[in-house]
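The values are calculated or read from the model by the stated rules, or taken from the named source; none is laboratory data. From a predicted model like this one, the values you see are computed outputs, not experimental measurements. With ideal geometry, Cβ positions are generated from the backbone for all residues, glycine too; neighbour counts draw on all protein chains shown.
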């Protein structure tokens, strides 16, 4: 895809002080951009954000500075972006859970739906995976779920925190299979959840490829299942949940967001750049190495998907009595 950008004038009405929203000459971008990551440094979500930000620099021809603002289930960083000046100079990565789930249980957020911010587009997603210690007796998801059904509450599966996507996947697979699996939250998040399985403190961990791939390569973990209806290139031999009758659309999803009142021509430029980045060779290489599945969706399609996820999370919250 061509990387020629449609550079438009992002001017807005000039105030009595003679200030413009997008620089003295009205051209966007004319200064550095801040790209907010609502997670800590070094993790998988930080990695995809930095890969995207690097390509955004090439697309726009200005510096893109990554700023990590973690906490609150990714709502601190996401809220910061949404509350920023709508000039196109503060944008951010936002996970689907922060946009679709958190507003259902947190009334203090500055947003409750896509009507409160602008979705530039979707860039990627990942299916949940089920991994067990390398010496586990379980070789596929069917064996694991069968044991869980026959031995209610005996199996423990670690996850990144109550109400997270990983936690909901454990609970939903248990519900679909009419089985009881202990969902164990770890204070250290996904990394600690993975290490708990590596050390054998739990029977399994529900997580995502970037945190698990290295331990699979060292034989400390083995992937026994992918919660998906299609083959996952990161673990192509792993059993799909749909193949044994357990189907759920829940997965980790990632969007780019802006403040709601960002000028239309700035929105369009960033939407064009985002599509080009997701289609780039650099991001394809990142996807192959990390396990993120690139999946560009434009503004309208992304808003529709967030709305669908909100309905899904409402169902989960009701099924599992998740209030906060």
Test: residue in region 260-270 that is in contact with a helix residue (DSSP H, G or I) (Cβ under 6 Å, 6 or more places away or on another chain), assigned to a helix (DSSP H, G or I) and more than 12 Å from residue 119 (Cα to Cα): no
Unmet criterion (only one of (1) more than 16 Å from residue 316 (Cβ to Cβ); (2) touching a helix residue (DSSP H, G or I) at 6+ places or on another chain (Cβ under 7 Å); (3) surrounded by fewer than 23 Cβ atoms within 10 Å (Cβ to Cβ)) for residue 153: (2)
Among residues of region 50-79, those that are in a helix (DSSP H, G or I) and either under 16 Å from residue 258 (Cβ atoms) or touching a residue at least 12 places away in the same chain (Cβ under 8 Å) (or both), counted: 15
Tally, over region 64-85, of residues that are closer than 18 Å to residue 116 by Cα and crowded, with 20+ Cβ neighbours inside 10 Å: 7
Test for residue 288: is it in contact (Cβ under 8 Å) with a residue 24 or more places away in the chain, surrounded by fewer than 20 Cβ atoms within 10 Å (Cβ to Cβ) and more than 28 Å from residue 112 (Cα to Cα): yes
Yes/no for residue 160 being crowded, with 24+ Cβ neighbours inside 10 Å, assigned by TED's automatic domain parsing to the domain that holds residue 175 and on the phi < 0 side of the Ramachandran plot: yes
Residue in region 270-281 that is within 23 Å of residue 165 (Cα to Cα), in contact with a strand residue (DSSP E or B) (Cβ under 7 Å, 6 or more places away or on another chain) and buried (at least 20 other Cβ atoms within 10 Å of the Cβ) present: no
Test for residue 91: is it within 23 Å of residue 261 (Cβ to Cβ) and touching a strand residue (DSSP E or B) at 6+ places or on another chain (Cβ under 9 Å): yes
Search result, residues across region 158-216 that are without any contact (Cβ under 8 Å) to a residue 40 or more places away in the chain and under 17 Å from residue 315 (Cβ atoms): 167, 170, 174
Residue 61 vs. criteria surrounded by fewer than 20 Cβ atoms within 10 Å (Cβ to Cβ), more than 16 Å from residue 117 (Cβ to Cβ) and modelled with pLDDT under 95: no
Condition met for residue 257 (assigned to a helix (DSSP H, G or I) and buried (at least 17 other Cβ atoms within 10 Å of the Cβ)): no
Region 308-322 residues that are assigned to a loop (DSSP other than H, G, I, E, B), paired with ones that are buried (at least 17 other Cβ atoms within 10 Å of the Cβ) (beta carbon under 6 Å, 6 or more apart): 322/163
Among the candidates 71, 61, 40, 96, residue that is in contact with a strand residue (DSSP E or B) (Cβ under 8 Å, 6 or more places away or on another chain) and farther than 21 Å from residue 314 by Cα: 40
The one condition in (1) touching a helix residue (DSSP H, G or I) at 6+ places or on another chain (Cβ under 6 Å); (2) assigned to a loop (DSSP other than H, G, I, E, B); (3) surrounded by 15 or more Cβ atoms within 10 Å (Cβ to Cβ) that residue 296 fails to fulfil: (2)
